[in-house]
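Take a look at the structure below.
FYI, it's all coordinate maths here, none of it is from the lab. These figures come from a predicted structure and were not determined experimentally. Backbone-built Cβ (ideal geometry, glycine too); neighbour counts: all protein chains shown.
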Amino acid sequence: MAGPMPDEIREKLKPKAIELRRQGRTYDEIAESLNISKSTCSLWLRELPRPARRRHAPERIEAMRRNYWQPFHLAREQQRKEVKLGAMLGQEAAVALLSERSDAAAERIRGGAHPDEMG
């Protein structure tokens, strides 16, 4: 909205903004849902206490941690398998195989490959 807001509109929207904030909505969410500017939202709500920060559930945090480290764990397991295979094939074949596969695994990790894409 450009220019000053008419009083009757302000009187209708401000209580809605306060209620949305008490429900934990952000300034951006409130401004968008009421079609007001973020600065108007801030002006109306600055006296209200800030809502508690949203926290992730412990299960979600653990899932994020697992997903982050999974490519590294998969690469390490692949290297272990290759070492065992190399011991069975002999030293020269093992060195060539490990070098080639390790370089490819490192490149996939650096490139941000998804765990399903690694192989």
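Going by average Cβ neighbours within 10 Å, how do the peptides 17-27, 63-73, 38-48 rank, with the highest at the top?
Packing proxy ranking, top to bottom: 17-27, 38-48, 63-73.
Provide the per-residue ³J(HN,Hα) series for region 71-87, in order, calculated from phi with Karplus coefficients 6.51, -1.76, 1.60 and θ = phi - 60°, each as a whole number of Hz, with x at glycine and proline positions.
So the J values, rounded to whole Hz, are x, 5, 5, 5, 5, 5, 5, 4, 5, 4, 4, 5, 5, 4, 5, x, 5.
So what are the ³J(HN,Hα) numbers for region 59-68, from phi and the Karplus equation (6.51, -1.76, 1.60; θ = phi - 60°), rounded to whole Hz, Gly and Pro as x?
5, 5, 4, 5, 5, 5, 5, 4, 5, 5
Pull up the cross-link candidates among the lysines for Lys12, meaning alpha carbon to alpha carbon under 18 Å and not fewer than 8 places away within one chain.
Partners within reach: Lys38.
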